[in-house]
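Working notes for the structure below.
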Amino acid sequence: MKHTFWYIDELMKLLAKIPGQLKSDDDLGKVERILNKIQEYNWKLGKLIDAHKTPEHLNRLHFCHVDNIPNWAGKVDDHFRKLDALMRVLYEDIPKLKAILQEVRKEGSTRQNPKNSNPWSSKVADMSMGMVMAGFHHEEEDMEEFRRAEIFERKHLEEILGDLSDIEELLK
């Protein structure tokens, strides 16, 4: 699961970099790169989560339970539900943010005005609220044991994700 949490951590870092307002043309390129990376990581995270749900990997997950986490299986299921909710928010909201970016580019100006400021700011706020509702805030301590659990071997990760360059350092 440590690979899964690497993607979650990276997603959270990227999401924190999304500005609440578009103030310059430089913001457009920066935000577009961030949104593209978020979509890539979200896709890979989705593949990892789906792979964890196969009977083979669910059995491995249950057998590697940690004695100091009561109700390990229930907590794993709870965390997967929260991950699904987070990914749903990103799948829905990132394309909407990209559409707003395209509209701003089409207009040729990033100066704040009601036409581009309000939709961007509103959508960023909506996405933030959706992430809060997904339930990942204040769960760091509870997730610490999950972060260390290794369920997938390298060969499994290659089958699931293909390119492992993002997480190569975790595999050493």
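Values quoted throughout were computed directly from the atomic coordinates according to the rules given, and no laboratory measurement underlies them. Note that the coordinates shown come from a computational prediction; the quantities given were computed from them, not determined experimentally. Note that each Cβ is placed from the backbone with ideal geometry, even for glycine, and that neighbours are counted across all protein chains shown.
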Subject >> Separation in nanometres of the label points that stand 7 Å from Cα toward Cβ, at Q102 and S122 >> reply: 1.9 nm
**OP:** With a point put 7 Å past each Cα toward its Cβ, work out how far V132 is from N36 in nm, to one decimal.
**Re:** 3.2 nm
Original post:
Each residue of region 9-20 in order: what ³J(HN,Hα) in whole Hz does its phi give by Karplus 6.51 cos²θ - 1.76 cosθ + 1.60, θ = phi - 60°, with x for Gly and Pro?
Top reply: 4, 5, 4, 5, 4, 5, 4, 5, 8, 6, x, x
